[in-house]
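The values are calculated or read from the model by the stated rules, or taken from the named source; none is laboratory data. These numbers were taken from a predicted model, which means no experiment stands behind them. Every residue, glycine among them, receives a Cβ derived from its backbone with ideal geometry; neighbour counts consider all protein chains shown.
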Amino acid sequence: MSDIEGHQPDPPTAPPVGGDSEVGPGNDEDLVWTTFARWRGERRRFAMLTVVESRGSAPRKAGARMLLGATGETVGTVGGGAIEMVALEQAR
């Protein structure tokens, strides 16, 4: 199918990593690492949560990271939902 001007539309492309579910490190990865460097420079207390393995249908695959600051702030995600709540609770 062509558009009015007679040229073919671009074919669909895969979403970027982090652009949909069941992916590894997402588009929040740069923000996680930037925040990591800043918090370390500020000598803040925090935990880094990392997905090391996943099976089946999982929101995030190995390599996804999330930071949890000592005062409760978070940056990034390890998948959301119940699994993320459990991970955050254990990190605290």
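List of remarks:
- In the range 42-69, residue surrounded by the fewest Cβ atoms within 10 Å (Cβ to Cβ) [restricted to those that are in contact (Cβ under 8 Å) with a residue 40 or more places away in the chain and closer than 18 Å to A82 by Cβ]: L49
- Residue list for the range 70-92, filter: over 23 Å from A37 (Cα atoms) and surrounded by 14 or more Cβ atoms within 10 Å (Cβ to Cβ): I83
- Residue in the range 19-26 that is in a loop (DSSP other than H, G, I, E, B), surrounded by 11 or more Cβ atoms within 10 Å (Cβ to Cβ) and modelled with pLDDT of 75 or more present: no
- Residue in the range 27-53 that is modelled with the lowest pLDDT, counting only those that are outside any helix (DSSP H, G or I) and within 14 Å of the chain's Cα centre (by Cα): N27
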